[in-house]
Amino acid sequence: MKRYIAAANWKMNKDVPESREFVKELLKKLLNIKDAEVILCPPFTSLFSIGELLKKSKVRLGAQNMHFADSGAFTGEISAGMLKSVYCEYVILGHSERRHVFGETDEDIHKKLLKALEKELKPILCVGETLEERQSGRTIDVLKQQYRAAFDGLSDNDMRRCAIAYEPVWAIGTGVVATPEQASEAHREIRQLIARQFSGDLAQEMRILYGGSVKPENADELIATDEIDGFLVGGAGLKVDSFASIVQSVDNYLQAQE
Ligand code: 13P
């Protein structure tokens, strides 16, 4: 069975004491979780400290970004090797805020993806269209472009180590969640791209997450959609109760499939 993911992207929120408090509370609430893979992506400053707390748990740690170089004169940047040394297993790449607020290009993201794989981190590649792109009928073209640029030239084995998050920019932090149909359509398109580049089997194996205004109130309906293999959660991942509830939705769905 495919292991669905419930991941929290904290963005620029929570200092070290707040991060530790969250983790201690969350671990108590996840005691009955069996099948969902839970990933926390805190700010860089909290990685080491909560990595220590998570060591004996099944919760995984991810970073929100990294640089593509190994080391050097890149003031303010963090390398893949540094992330490995603070217990990271995953790294989010190409988040829409990186693309649109910080001007990251498809080429930067491709270089980061290759470096993450070389250093044995598992990338979660984010793709998604803006409202304007959707309204002008360009959603599929945007997804194709972002997908192809990121995964160009990858081997099957490297692709297997990646996950993809479809995050429509208009749904991020807006309270406007994609409908199951809108999300399914985008996920199906992404899966077809994988099938064409690699194989149908690999396309089925890959985990494609949905992100954008996921909340406890909409998680059950979204996760029941065939194409959605988990969530990348922003705002609702900042509160223990709401994140634990979303994790529970993912786990309940998986247990019902057994
Ligand atoms: P929200 O859940 O706050 O809409 O954010 C989604 C997101 O950007 C996760 O990476």
Check: Which whole-Hz ³J(HN,Hα) couplings does region 156-168 yield from phi under the Karplus relation 6.51 cos²θ - 1.76 cosθ + 1.60, θ = phi - 60°, glycine and proline marked x?
Finding: 4, 5, 5, 4, 4, 8, 9, 10, 10, 10, 7, 10, x
Item checked: Residue-averaged [θ]222 nm for the chain, counting only DSSP H segments that reach four residues, each worth -39500 (n - 2.57) -> -14000 deg cm²/dmol
Checklist line | Per-residue HN-Hα couplings for region 232-247 [Karplus 6.51, -1.76, 1.60; θ = phi - 60°; Hz; x = Gly/Pro] | finding: 10, 10, x, x, 6, x, 8, 10, 4, 5, 6, 5, 4, 5, 5, 4
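Which length gain, in nm to one decimal place, applies between Glu120 and Gln192 when the Cα-Cα distance is subtracted from 0.36 nm times their residue separation?
Numbers: separation 72, 0.36 × 72 = 25.92 nm, distance 2.59 nm.
Full extension of this stretch gives 23.3 nm more.
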Next item on the list: Measure off 7 Å from each Cα along the Cα-to-Cβ vector at Lys111 and Val176, then give the distance between these two points in nanometres to one decimal.
Entry: 3.4 nm
Notebook entry, point to check: Residues in region 38-77 near a label at Arg3, defined as backbone nitrogen under 14 Å from the 7 Å Cα→Cβ point?
Noted result: 38-40, 57-62
Notebook entry, point to check: Between Ile124 and residues 5 or more places away or on another chain, which pairs have amide H atoms under 5 Å apart, with H built 1.01 Å from N, and which residues are they?
Noted result: Val91, Ile92, Leu93, Ala163
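Arrange Val142, Val127 by Cβ neighbour counts within 10 Å, fewest through most, would you? Before the final figure, lay out the partial values.
Details: Val142 18, Val127 25.
Neighbour counts put them in this order, fewest first: Val142, Val127.
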Check: To the nearest 0.05, what FRET efficiency results for Asp15 and Glu217 with a Förster distance of 41 Å applied to their C-beta separation?
Finding: 0.90
Notebook entry, point to check: Listing Arg196, Arg20 from the residue with the fewest other Cβ atoms within 10 Å to the one with the most, what is the order?
Noted result: Arg196, Arg20
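Once fully extended, how much extra length lies between Arg161 and Arg138, figured as 0.36 nm per residue of separation less the alpha-carbon to alpha-carbon distance? Let's see the in-between values first.
Working: separation 23, 0.36 × 23 = 8.28 nm, distance 2.85 nm.
Residue separation times 0.36 nm, minus the Cα-Cα distance, leaves 5.4 nm.
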Check: By how many nm would the segment from Thr45 to Lys29 grow when fully extended, if each residue of separation counts as 0.36 nm and the alpha-carbon distance is taken off?
Finding: 3.3 nm
Notebook entry, point to check: Most exposed first by the Cβ proxy, i.e. fewest other Cβ within 10 Å, how do Val23, Val16 rank?
Noted result: Val16, Val23
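The numbers here are math on the coordinates, done by the rules we state, and not lab data. These figures come from a predicted structure and were not determined experimentally. When we count neighbours, we look across all protein chains shown, and the Cβ atoms used for this are built from the backbone with ideal geometry, even at glycine.
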